[in-house]
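> What follows is a structure written as structure tokens; I'll ask about it next.
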Amino acid sequence: MQKLDLSFYTRNDVVQVSKELLGKFLMTNFDGKITGGMIVETEAYAGITDKASHSYGNRRTKRTETMFCEGGTAYVYLCYGMYNLFNVVTNVAEIPQAVLIRAIEPTENIETMLQRRKMAKLQRNLTAGPGTLTLALGIRTDHTGTRLFGEKIWIEDRKINFSEAEILASERVGVAYAGEDAKRPWRFRVKNSLWTSLAK
DNA sequence: ATAAAGATCATT
DNA sequence: ATGATCTTTATG
């Protein structure tokens, strides 16, 4: 088992890190149960210059403070009053960039994930979408600030890599308010994966 | 103190 | 298309 190390996260290029996260395995260990799956969809948030990012314009509040941590930290926040969205902080401390994990292909302990989602059998929407995958993995807002090198939440490299040709780039979801930045093609999906949220 | 909006999802 | 649901943020 090989966890991604600090140098993977602290690079000065969120977009590149977003692409490379495809094929990595996001794992959690809560309630004595290890659950997880392969990341198949991500979005990059470029920080102070990106209107779609919470940290746009260096906005620094209690919530966004986590984005200013060193790369390799979990940034979890509540969206629309009901969904916990999980991000991976990238770059060095004080440069607030992050990658939103939007979908995974469930692999580890599917039984437990089904229970958490209150689903009877495996369907392709088990972990498709940023709000549903956190439910399946047991991630909540109080995990914000958790480092990804411990025993609770981490990302593994199992030597699966996707080439540029296998990655589909498109506009990010739900950021229409961001003006010009809404058009940036910073949503990345594994082509032909059954487990991403729906195409557009 | 108040109000508005939001990196969503399941259902109709 | 719409409703559920509540924190964060900006403004007065």
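> Just to verify a result, which residue in the stretch A:61-79, among those that are assigned to a loop (DSSP other than H, G, I, E, B) and in contact (Cβ under 8 Å) with a residue 12 or more places away in the chain, is farthest from A:F8 (Cα to Cα)? Spell out how you get there, then give the answer.
Restricting attention to the stretch A:61-79, the residues satisfying the condition of being assigned to a loop (DSSP other than H, G, I, E, B) are A:61-63, A:69-72.
Next cut, in contact (Cβ under 8 Å) with a residue 12 or more places away in the chain only: A:63, A:69-72.
Working: A:R63: 24, A:C69: 15, A:E70: 12, A:G71: 8, A:G72: 8 Å.
The qualifying residue farthest from A:F8 (Cα to Cα) is A:R63.
> Do you know which residues across the stretch A:72-83 are within 10 Å of DNA strand B (Cβ to nearest atom) and over 11 Å from the mean Cα position of the chain (by Cα)?
Within the stretch A:72-83, A:Y77, A:L78, A:C79, A:Y80, A:G81, A:M82, A:Y83 meet the criteria.
> If a residue must be in contact with a Ser or Thr (Cβ under 7 Å, 6 or more places away or on another chain) and among the polar types (S, T, N, Q), how many such residues does the stretch A:126-145 contain?
Looking only at that region, the number is 1.
> Looking at the stretch A:132-149, I want the residues that are surrounded by fewer than 22 Cβ atoms within 10 Å (Cβ to Cβ) and have a partner that is among the aliphatic types (A, V, I, L, M) with Cβ atoms under 6 Å, at least 6 apart or on another chain. Which pairs are those?
A:T141/A:V76; A:T141/A:L78; A:H143/A:A74; A:H143/A:V76; A:T146/A:A74; A:T146/A:I153
> List every residue pair whose Cβ atoms lie under 7 Å apart, where the two residues are 6 or more positions apart in sequence or sit on different chains, the first residue falls within the stretch A:171-200 and is among the aliphatic types (A, V, I, L, M) and away from DNA strand C (no atom under 16 Å from the Cβ), and the second residue, located anywhere, is modelled with pLDDT under 95 and in a helix (DSSP H, G or I).
Correct list of pairs: A:A182/A:A176.
> Considering (1) touching a helix residue (DSSP H, G or I) at 6+ places or on another chain (Cβ under 7 Å); (2) crowded, with 20+ Cβ neighbours inside 10 Å; (3) not aliphatic (A, V, I, L, M), say which one A:K191 fails and leave the rest.
Against the list (1) touching a helix residue (DSSP H, G or I) at 6+ places or on another chain (Cβ under 7 Å); (2) crowded, with 20+ Cβ neighbours inside 10 Å; (3) not aliphatic (A, V, I, L, M), A:K191 comes up short only on (2).
> Among the listed residues A:I153, A:I160, which satisfies the condition of being surrounded by fewer than 16 Cβ atoms within 10 Å (Cβ to Cβ) and not small (G, A, S)? Before you say what the answer is, go through the steps one by one.
Working: A:I153 fails: surrounded by fewer than 16 Cβ atoms within 10 Å (Cβ to Cβ).
Selected residue: A:I160, the only one of A:I153, A:I160 that is surrounded by fewer than 16 Cβ atoms within 10 Å (Cβ to Cβ) and not small (G, A, S).
> How many residues does the stretch A:119-149 contain that are part of a strand (DSSP E or B) and of a type outside the set (A, V, I, L, M, F, W, C)?
First, the residues of the stretch A:119-149 that are part of a strand (DSSP E or B): A:128, A:147, A:149.
This time we only want the ones that are of a type outside the set (A, V, I, L, M, F, W, C), so: A:147.
Qualifying residue count for the region: 1.
The values are calculated or read from the model by the stated rules, or taken from the named source; none is laboratory data. This one's a predicted model, so the numbers in the text were calculated from it and none came from an experiment. Here Cβ is always computed from backbone atoms with ideal geometry, including for glycine, and neighbour counts include all displayed protein chains.
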